[in-house]
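Here the structure comes first, spelled out in C-alpha cells, and everything after it is commentary.
Please treat every number below as a calculation from the coordinates, not as lab data. Note that the coordinates shown come from a computational prediction; the quantities given were computed from them, not determined experimentally. Every residue, glycine as well, gets a Cβ built from its backbone with ideal geometry; the counts of neighbours run over all protein chains shown.
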Amino acid sequence: MKPALINDHAQLVLQAVQGTHTHQAPVNDLAITRSWRRCLDQYQLDPASRRAPHVVEQPRLQDHRAPLEHIIAVAHWQMNHLHQQLGRDGHVVLLTDARGVAIDSVCNESERADFQRSGLWLGSVWSEDCEGTNGVGTCLVEQQQVTIRRDEHFRSKHVGLSCSASPVFDANGELLAVLNLSSVRDNHSQQHYFRAMALTQLSANLIESCYFLGHDPQRYLLRFHPEAGFVGLLGEGLLSFDESATICSVNHCALDLLGLSRDQVVGQSLAMLLQTPVDQVISQASSQPSVCWPLRLIDGRLVYVQLREPVRPAPSVTPAPQTINDVHVCLEDPRLQRGIARALRVIEHDVPVFLQGETGTGKEAFAAALHRASSRRNQPFVAINCAAIPETLIESELFGYRGGSFTGARKDGMIGKLEQAHGGILFLDEIADMPLALQTRLLRVLEERQVVPLGGATARALDVRLVSASHQDLQACVAQGRFREDLFYRVAGFTVQLPPLRERSDKGSLLDLLLREEAKGARVRLEAGVRERLLTQPWPGNVRQLRTCLRTLVALSSEGRITLEDLEELLPTTPATAAPGENPLEVCERQTLLALIEAEHWHIAHVAARLGISRNTLYRKLRQHGISRPG
C-alpha cells in the first residue's frame, strides 16, 4: 500500500473516532466504531504503523494447539467444506484460539504465499490489541459474529483484507475459538459478502454442535425441538445431565427454546424443566437413539426429544506400564520405553505414528521394534527411505506398476511397497522429502485404503498401519509449503520424539549391544579408557556414527583388543563440550532448567511460576532436554 494511502486511512480513522469527519462516516457498524475507539484509547495503536503481524514460534504454537486438539479435529473437515463452498480460490479459512492465535488453516497451496504476506498463516496473532480492528480480534471482544471489510480495519496495513469471523463456544458457554474467513481480493460483490458471512456463521454453529455432542460421553445427552423434524439439525436444543439428573451443560439453542438463562438451568435438576417424571424420561435412553418421542415441558409446551445414555466402559484392571524388551535394539532409556509403549497402544488402534529425531537416532530401528512388539509381528514390515530414492522412481516404488506401463518397466510389472506391506506395517523414513505431487496421491491412498498401480485400472484393498519419520520439523515444512497440511494431520497422529545419543541414559547398554553385533560372535575387549571416551563423546551423528566407529574399531583391533590409540585415530583428542551444530540457547536453557529444578527441589509448580510458564510447557521442555527426576 502506498504511503499516501496509508496516511489517508489513518487520518480517516482519527477523524471518525473524534467525530470531526465532514463526509459520510466510513463505517455504520457500532461494533467497528467501538473497536476503533478501543484501538486508540486502550491499546494506543497507530493506524499508520507498517509493522508486520506477530507470528509465534513453532514450540509456542504447539502450546496454543495442544489444549484445542479436540476442536481442531472437529473443525478441520468443516473448514475444508466452507472453503469449497466459496469456490476455494481467493479465500483462506483460519481457526484461532481464544487469544487470537491461528491454530489451523485451509487455503489453496498456490495462494498460500499471498495470504502469508498478509499475515494469514499458522501462528499469526490477530488479537485486537495487537492488530487493531479485524475479524478475529473484534469477534473475540464482541463475542458475536463480525464482518470487517477492507477500510473498516483499523490498521492501514490490513485494508486489503475482507474478513468474516464467528465465535465458537464450548458446552459451558465460554468462548473456545474463532472461525474466520478472509479474502485478499477486492472484486467481490455485496451478495458474496453476505453469503460468506452466512456460511461462516453456519460452519461455526456446526463446529459448536459437533463439539457439544462429543465433549462428555459419560453423561446423558438430551436433544429436543418443538418440531420433530428439527431434532438432529442445527436449531435443536442440546442439554447434558448426570446420573443424579443434575443439568451439567446446555447450548445456546436450548436456552432460546426454554426462554431461560444459563444460570437458571446449569446446576439445577432436570425435573424443574419437565412435567414428565425424570425416571420415566431416563427409561427411554438409548446408546444410539433414532426415534423422537414427545415430552411435555413444565410450562405445558410440547417438544420432541431423543435421549442418549452415557457411555459406560467395561470395568477393567489397569495394567502396569509395559516394559518392552527387544534383543535387537536398546530401549532402556525411560523416554524410549514410554515412547514405544504409548506408540504400541495407538498403532494397535490404527493411529499413525510419527517419529521425530535427529539424523542417526535410530528411527528405523525403533519402527522395527514397534513392529516386532505389535500384533502384526508375523506380517510384513516394509521400510522405504523417501530421501534415498530418486524422485522419478519413488512413485513406482511405492505404488508399483503393471508390465509395460513405461519405458524400462519390467515385463511382468512390480508390486509396490504399499501392497508389500498389506496386513503389516509400512515405514516411510524422511517423509518430509517426498515430492508434493506424490504426497497428494499418498493422502488419497491413506484415506480410501485402496491402491492403484501405475498403468492399472483396478483398485486393490489395502490394510497397512503407518509409521513415518523425519529429522525435519514437519510443521515448519507445512508453513513453507513443502509438505501438505492435510497429509501432516493424517500421518502425525501420535508423535514420538527420539532423544539424541548424547542425552540417552542407556548409552552404556547401547554400546555393549552394538559392540556385540559388530564383533559377530568374536571376543572383543575394550582396554582402559576406551569405554569412558566412547561414552563422553557428543556423537553428532548419533547411533549411526557410534556404530560406524565401533565397526572400524573391531576391524582395527589386534588379538581382540581395542586400544585408546585405535580410538584416538578416529576421534578428536579433546572431547567436545557440545555437539557440533548444537544451539547454544538450548544448552543455556537446559542448564537454567537444571539449576532451577535443583534450587526448588523438583517442585514443578514453583519452577513453572518462577519461569512464568505453565506446568504442561515445563514438562514438555524437560522431555525435550531429556531431564528426568533421579530414581
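Close amide H partners of LEU161, meaning residues 5 or more places away or on another chain with modelled amide H under 5 Å apart, are ARG150.
The alpha carbons of the range 263-402 stretch over 73, 45, 33 Å along the principal axes, in descending order. Relative to its Kirkwood radius, the Cα radius of gyration of the range 163-304 gives an Rg/Rh of 1.05. The residues neighbouring GLN11, those whose beta-carbon lies less than 13 Å from its own, together hold a net charge of -3 under the Lys/Arg +1, Asp/Glu -1 convention. Taking Cβ atoms as reference points and 15 Å as the exclusive limit, the residues near GLN288 contribute a net charge of +2, counting Lys and Arg as +1 and Asp and Glu as -1.
Is the range 31-201 best put as rounded, prolate or oblate by its Cα gyration tensor, with a ≥ b ≥ c the root eigenvalues, rounded for a/c under 1.5, and otherwise prolate when a/b is larger than b/c, oblate when not? It is rounded, given that a/c, with a ≥ b ≥ c, falls under 1.5.
If you look at the Cα atoms of the range 224-316, you get an Rg and a Dmax of 13.1, 45 Å. Just the number, please: percent antiparallel of the DSSP beta bridges in the range 216-308, rounded to the nearest 5. Here the antiparallel bridges make up roughly 95 percent for the range 216-308. Label positions at GLN218 and ARG60, each projected 7 Å from the Cα along the C-beta direction, are separated by 3.5 nm. List, in the order given, every pair from LYS363/LYS417; LYS417/LYS520; LYS507/LYS621; LYS363/LYS621 whose Cα-Cα distance in the structure shown is over 29 Å. As for pairs spanning more than 29 Å Cα to Cα, those are LYS417/LYS520. The C-alpha radius of gyration of the range 483-534, expressed as a fraction of 2.2 N^0.38 Å, stands at 1.86. Of the beta bridges in the chain, as assigned by DSSP with both residues counted there, near 70 percent are antiparallel.
Pop the C-beta distance of GLN280 and ARG544 into the FRET formula with R0 = 60 Å and round what comes out to the nearest 0.05. In this case the efficiency is close to 0.30. The simple spin-label model puts a point 7 Å past each Cα toward its Cβ; for ASN325 and SER509 those points are separated by 1.0 nm. Between GLU364 and ARG377, the simple spin-label model (points 7 angstrom out along Cα→Cβ) gives 2.2 nm. Label zone of GLN44 (point 7 Å out along Cα→Cβ, amide N under 16 Å): in the range 86-109 this covers no residue at all. Computed from the alpha carbon positions, the gyration tensor of the range 262-311 leads to an equivalent ellipsoid with semi-axes of 19, 14, 10 Å, biggest first. Between VAL346 and ARG51, the FRET efficiency estimated from the beta carbon spacing at R0 = 35 angstrom works out to 0.25.
Shown here for the range 268-377: trypsin sites (Lys or Arg not before Pro) in loop regions (DSSP other than H, G, I, E, B) with at most 14 other Cβ atoms within 10 Å, namely ARG301, ARG377.
A simple rule links phi to the HN-Hα coupling: the Karplus curve 6.51 cos²θ - 1.76 cosθ + 1.60 with θ = phi - 60°, which for the range 462-468 gives 9, 10, 9, 9, 10, 10, 10 Hz, with x for Gly and Pro. When each of the peptides 209-216, 106-113 is scored by the mean number of other C-beta atoms lying within 10 Å of its residues, the order from highest to lowest reads 209-216, 106-113.
A simple count of charges around ASP41, restricted to other residues whose Cβ falls under 14 Å of its Cβ and scoring Lys, Arg +1 and Asp, Glu -1, yields 0.
The base-10 log of I(q)/I(0) for the chain, evaluated at q = 0.07, 0.10, 0.12 Å⁻¹, reads -0.62, -1.14, -1.37 [Debye formula, identical scatterers on Cα atoms, solvent excluded]. Pull up the DSSP beta bridges for the range 334-497 and report the antiparallel fraction as a percent, rounded to 5. That works out to approximately 20 percent antiparallel.
With axes computed from alpha carbons, what is the tilt in degrees of helix 615-624 against the longest principal axis of the chain, rounded to the nearest 10 within 0 to 90? Taking the Cα atoms of the chain, the angle to 615-624 is about 30 degrees. Evaluating 6.51 cos²θ - 1.76 cosθ + 1.60 at θ = phi - 60° for every residue in the range 269-286, the Karplus couplings come out as 7, 4, 4, 5, 9, 10, 7, 6, x, 4, 4, 5, 5, 5, 5, 8, 5, 9 Hz, glycine and proline recorded as x. Full extension of the chain segment joining SER269 with ARG150 gains 37.9 nm, where the gain is 0.36 nm per residue of separation less the Cα-Cα distance.
Given R0 = 56 Å, the distance between the Cβ atoms of GLN288 and LEU556 translates into a calculated FRET efficiency of 0.20.
Think of it as helices only: each DSSP H run of n ≥ 4 in the chain is worth -39500 (n - 2.57), and spread over all residues that comes to -11500 deg cm²/dmol at 222 nm.
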